[in-house]
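Laboratory data are not the source of any read-out in this text; all were calculated from the coordinates shown. This structure is a prediction, so every number in the text was calculated from the model and none was measured. A quick note on method: Cβ atoms are made from the backbone with ideal geometry, for glycine too, and the neighbour counts reach across all protein chains shown.
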Amino acid sequence: DLPTIYFVTPTYPRREQVAELTRLGQTLMHIPALHWIVADDTPECSPMISALLPKFGIPYTHIASPMPQIYRSNNAIPPRGVSNRRAALAWIRSYVKSGVVYFGDDDNTFDLKLFDEIRGTKKISMFPVGLIGSYGISSPVLRKGNVIGFFDSWPAKRKFPVDMAGFAVNVDLILKHPNATMPYKAGYEEDRFISSLGVKMSDIEPKANNCSEILVWHTQTLKKPPPTVKVTMELLSIVDT
Ligand code: UDP
Ligand code: MN
């Protein structure tokens, strides 16, 4: 039996949301033994997303947990997707006994081969992420097949300077560390979460052909303000005819 991949996607309302989740959902449709956890950054599950998710025909869970207001208003960079990822971790702790957890943001791009790679994660696996930071790539550095360091354009004194998309963990490791969590600290979510799981460098399982292939990209959708179209009689009549 294939281990199930629990694919955790934090998401938030903006006009690109349905487009992002449609593209992602249609990627995930290709993957066997996958459970999609869509974690809304809203007080309640968005009805629009609730209506979208069944269309993909894949197993999913839709939960909601908004970013606490204090993190939106204290002038610091907000910790994006933390409250909702935490809720997904709590759901996993309550309902899941085995499998592999991966944090897949709604705007990233995933090669189908990535799923074959992460499915075999025993403790924690790591692999390169493309289109990230000023170096254009973030990756573990290997020597004789072992991870000995990291190539990342923003080390920031992190022990594990990796992107959210650059690692997967076995459910067992999460269950064995009941206090492991993601901090509300922008830029340090990955490092602190991985450290809270008690991970040592020697635990890291390199994937993607010894970290020589890019199977996930940190793509970002250009943010545009909503169009400011004045609805005139003329426009309405175009729709009418
Ligand atoms: N996100 C969220 N709430 C927010 C902003 C972002 O849940 O207020 C989600 C977003 O949908 C994505 C993830 O958190 O899945 C990372 O956010 P984003 O892609 O904006 O960050 P970046 O890729 O620029 O670091
Ligand atoms: Mn993103």
Dividing the helical contributions, -39500 (n - 2.57) per DSSP H run of n ≥ 4, by the residues of the chain yields a 222 nm value, nearest 500 deg cm²/dmol, of -7500 deg cm²/dmol
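Any chance you could run the full-extension gain for Lys159 through Asp116? It's 0.36 nm times the residue separation minus the Cα-Cα distance, nm to one decimal.
12.8 nm
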Once Lys and Arg get +1 and Asp and Glu get -1 on their Cβ, which of Ile37, Leu24, Ser134 lies farthest toward the positive end of the dipole of the chain?
Ser134
Taking neighbour Cβ counts within 10 Å as the exposure measure, how do Cys45, Cys211 sort from fewest upward?
Cys45, Cys211
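Among Lys144/Lys200; Lys185/Lys207; Lys55/Lys207; Lys122/Lys144; Lys55/Lys122; Lys176/Lys207, which pairs are too far apart, with a Cα-Cα distance over 25 Å?
On the way: Lys144/Lys200 17 Å; Lys185/Lys207 27 Å; Lys55/Lys207 32 Å; Lys122/Lys144 20 Å; Lys55/Lys122 32 Å; Lys176/Lys207 23 Å.
Violating the 25 Å Cα-Cα cut-off are Lys185/Lys207; Lys55/Lys207; Lys55/Lys122.
So for Glu117, Glu44, fewest C-beta neighbours within 10 Å to most, what's the order?
Numbers: Glu117 20, Glu44 9.
Fewest to most other Cβ atoms nearby, the residues stand as Glu44, Glu117.
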Rel. contact order, % - alpha carbon contacts under 8 angstrom, at least six apart, the stretch 35-94
39 percent
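Could you tell me whether the stretch 1-100 comes out rounded, prolate or oblate from its Cα gyration tensor? Rule is a ≥ b ≥ c as square roots of the eigenvalues, rounded for a/c under 1.5, then prolate if a/b exceeds b/c, otherwise oblate.
Values: a/c = 2.23, a/b = 1.41, b/c = 1.58.
Cα axes put the stretch 1-100 in the oblate bin.
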By counting other Cβ atoms within 10 Å of each Cβ, how are Phe103, Phe151, Phe160, Phe115 ranked from fewest to most?
Phe151, Phe160, Phe115, Phe103
Is the stretch 74-162 rounded, prolate or oblate when judged by the Cα gyration tensor, a ≥ b ≥ c being the square roots of its eigenvalues, rounded requiring a/c under 1.5 and prolate requiring a/b larger than b/c?
oblate
Potential extension, Ala90-Ser196 segment - 0.36 nm per residue separation minus Cα distance
36.7 nm
At 7 Å along the Cα-to-beta-carbon direction for both Arg14 and Ser98, put a label point, then send me their distance in nm to one decimal.
4.0 nm
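Relative to the Cα centre, what is the charge dipole magnitude of the chain, using +1 at the beta carbon of each Lys and Arg, -1 at the beta carbon of each Asp and Glu, and rounding to the nearest 20 debye? Please list the in-between numbers first.
Values: 27 positive and 23 negative charges, 155 e Å.
The dipole magnitude comes to about 740 debye.
What's the extension gain from Ser212 to Thr228 if we count 0.36 nm per residue and subtract their Cα-Cα distance? Don't skip to the answer; put the middle values down first.
On the way: separation 16, 0.36 × 16 = 5.76 nm, distance 4.54 nm.
Difference between extended and current length: 1.2 nm.
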Give the distance, in whole Å, between the Cα centre of the stretch 133-148 and the Cα centre of the stretch 185-241.
21 Å
Need the list of lysines near Lys223 for cross-linking: C-alpha distance under 17 angstrom, and skip anything on the same chain fewer than eight residues off.
none
